[in-house]
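S.K.: Got a structure here, written out as structure tokens. Questions coming.
No lab work stands behind these numbers, since they all come straight from the coordinates. Computed from a predicted structure; not experimentally measured. Cβ atoms come from the backbone with ideal geometry, glycine included; neighbour counts cover every protein chain shown.
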Ligand code: UDP
């Protein structure tokens, strides 16, 4: 939209290619960063896989395809993490290299590759072409710090701290339930663990390290990483939400791997009283068990509250029979939505979330109290911060089978929606909304860091 190009043209000839891992939770923050760069006059190209390329449409961000070797179906076609990662490395390196070469003799040669830290080979490609390389970490600084310490041999696997909290500089004491799944059970997730650790394998060659978080939120955690890579950390960077007035007309990310039922959601929300709706989503990847889905379903029904629940097409058969019909009066179940719009709507009061890092930042940036139902991976650590460090929500407790029961969900809903504790949480949510706005506003900590990055880019004026 019209305001995007106005701020500066000093870097109009600097061409940066951004490369996300092709899942929703990775495309969104990289795309958001691409928009920020474009708003500062940088020419940006987002390179993404053939399978995802058509799902992205943002003014001032050129989108170009590269190949992961599974052009028809992406990750789902590969069916296996190991196979996917190695195919992406081989095919991605070749096609990214071709993309860079395509621009070499143009008036906008690529000068820097900002790559998702899950794709460290992209840094090797950048360096082969003599370009700058910036690693973009999409997880929280706390989680990055844990894996970074494992890489440096400062923490050994598996982490077994059932008896005492784990103490990591810059982080609060972490109990066993707070730790990412892959560090507790490395043997069960070798491919994911390898992916997490390989982020650091060639990081000493990177010219910048960018983190998707902000100073007030995770300043100490970010410092604990920068102590291990001096001078490389220029984040904390963007919160993954758009902020009113910053880029006018920007109503969301501009990327959706599924069709969002935006109109249906906003029309429905319009009919609901202010601060009355519970929004529920498990994100784009998690596949909760049918038993867990059933507990959430009956919990929502019994609460009597209005709710919007995103249940992806692939998960719909886990809903209890008759659930949608029996809750029609109160609830709306959709296969996908524009999450930012739903969170921002005045009718929305509470976010029941799996606690992916983007969802966490979005809830926080838009001031919506959260109930964490973390399923695995980093979500466990994110939920700890939501409940205990930022105090913007609660974490639902699982039973011995790892299931959050209906009664527990009802208890959490009550805690977040009514009574004394809910007031504290609401106040904190408002405070963090303000802080994240400050970080992103002109002269705020993240904005300055982005300026620092942009000003470090050499301009090409041939
Ligand atoms: N999202 C969305 N619509 C939905 C559910 C999710 O647009 O119905 C977006 C959400 O705004 C977030 C991303 O999908 O930016 C999910 O990322 P997150 O890190 O929260 O979780 P993941 O899907 O990676 O587990």
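S.K.: Spin-label point model (7 Å from Cα, Cβ direction): what's the residue 176 to residue 105 distance in nm?
M.R.: Each label point lies 7 Å from its Cα, and together they span 6.4 nm.
S.K.: So, in Å, what gap is there between the alpha-carbon centers of the range 165-182 and the range 260-314?
M.R.: Computed from Cα coordinates, the inter-centre distance equals 30 Å.
S.K.: Over the Cα atoms of the range 104-149, Rg to Rh with Kirkwood Rh, two decimal places? Intermediate values should be presented prior to the final figure.
M.R.: Details: Rg = 13.3 Å, Rh = 11.9 Å.
Taking Rh as the inverse mean 1/r over Cα pairs, Rg/Rh reads 1.12.
S.K.: Still on this structure, please answer the following. Compute the Cα gyration tensor for the range 252-345, then decide on rounded, prolate or oblate, letting a ≥ b ≥ c be the square roots of its eigenvalues: rounded whenever a/c is under 1.5, prolate when a/b is larger than b/c in the other cases, and oblate in all that remain. Mind dumping the intermediate values first?
M.R.: Values: a/c = 1.90, a/b = 1.12, b/c = 1.69.
Oblate, since a/c reaches 1.5 and b/c is not below a/b.
S.K.: Given a cut-off of 17 Å, what percent of all Cα-Cα pairs of the range 311-362 lie beyond it?
M.R.: Counting pairs separated by more than 17 Å, the tail of P(r) holds 48 percent.
S.K.: Can I ask one more? Mind running the shape call on the range 134-233? Use the C-alpha gyration tensor, a ≥ b ≥ c as the square roots of the eigenvalues: rounded below 1.5 for a/c, prolate if a/b tops b/c, oblate otherwise.
M.R.: Verdict is oblate for the range 134-233.
S.K.: Let me ask another. What translational diffusion coefficient, in µm²/s and rounded to a whole number, does the Stokes-Einstein relation yield for the range 411-462 at 20 °C and a viscosity of 1.002 mPa s, taking the hydrodynamic radius as the Kirkwood radius over Cα pairs?
M.R.: Details: Rh = 13.8 Å.
Translational D for this selection: 155 µm²/s.
S.K.: Taking the simple approach of a point 7 Å from Cα along Cα-to-Cβ for both residue 434 and residue 267, what is their distance in nm?
M.R.: Modelled inter-label distance: 3.8 nm.
S.K.: Where the eigenvalues come from the Cα gyration tensor of the chain, what are the semi-axes √(5λ) of the equivalent ellipsoid, largest first, in whole Å?
M.R.: So the equivalent ellipsoid measures 35, 25, 22 Å along its semi-axes.
S.K.: A further question follows. Counting only helical runs of four or more DSSP H residues, what would the 222 nm mean residue ellipticity of the chain come to if each run contributes -39,500 (n - 2.57) and the total is spread over all its residues?
M.R.: -12000 deg cm²/dmol
S.K.: Additional query: Say R0 is 51 Å: what FRET efficiency, to the nearest 0.05, do residue 201 and residue 324 get from their beta-carbon distance? Mind showing how you got there, number by number?
M.R.: On the way: r = 47 Å, r/R0 = 0.92.
About 0.65, to the nearest 0.05.
S.K.: Specify the inter-centroid distance of the range 364-404 and the range 107-146, based on alpha-carbon positions, in whole Å.
M.R.: The two parts, judged by their Cα centres, are 30 Å apart.
S.K.: Compute the label zone of residue 223 within the range 144-171: residues whose backbone N is under 20 Å from the point 7 Å along Cα-to-Cβ.
M.R.: Counting only backbone N, you get 144-149, 167-171.
S.K.: Relative contact order (percent) for the range 323-462, with alpha-carbon contacts under 8 angstrom and 6 or more residues of separation? Intermediate results must be reported in sequence, preceding the final value.
M.R.: Details: 157 pairs, mean separation 25.9, N = 140.
18 percent.
S.K.: Moving on. Provide the convex hull volume over Cα atoms per residue for the range 333-414, in Å³.
M.R.: Considering the Cα atoms of the range 333-414, their hull volume per residue is 110 Å³.
S.K.: Per q in 0.12, 0.20, 0.21 1/Å, what log10 I(q)/I(0) does a Debye calculation on the alpha-carbon atoms of the range 85-194 return?
M.R.: One equal scatterer on each Cα of the range 85-194 leads to -0.57, -1.04, -1.10.
S.K.: Sticking with this structure for a sec: Compute the relative contact order of the chain as a whole-number percentage, counting only Cα pairs closer than 8 Å that sit 6 or more residues apart in sequence. Please list the in-between numbers first.
M.R.: Details: 877 pairs, mean separation 71.6, N = 462.
Here the relative contact order equals 15 percent.
S.K.: OK, next. Do you know the relative contact order of the range 295-360, to the nearest whole percent, from alpha carbon pairs under 8 angstrom that are 6+ apart?
M.R.: RCO, the range 295-360: 31 percent.
S.K.: Nearest-5 percent of antiparallel DSSP beta bridges in the chain?
M.R.: On the way: 2 of 47 bridges.
Beta bridges within the chain, antiparallel portion: roughly 5 percent.
S.K.: Over the Cα atoms of the range 1-138, how large are the radius of gyration and the largest Cα-Cα distance (Dmax), in Å?
M.R.: 14.4, 45
S.K.: So, one more: In the P(r) worked out for the range 318-459, what percent of Cα pairs fall beyond 19 Å?
M.R.: Every Cα pair in the range 318-459 considered, those over 19 Å come to 60 percent.
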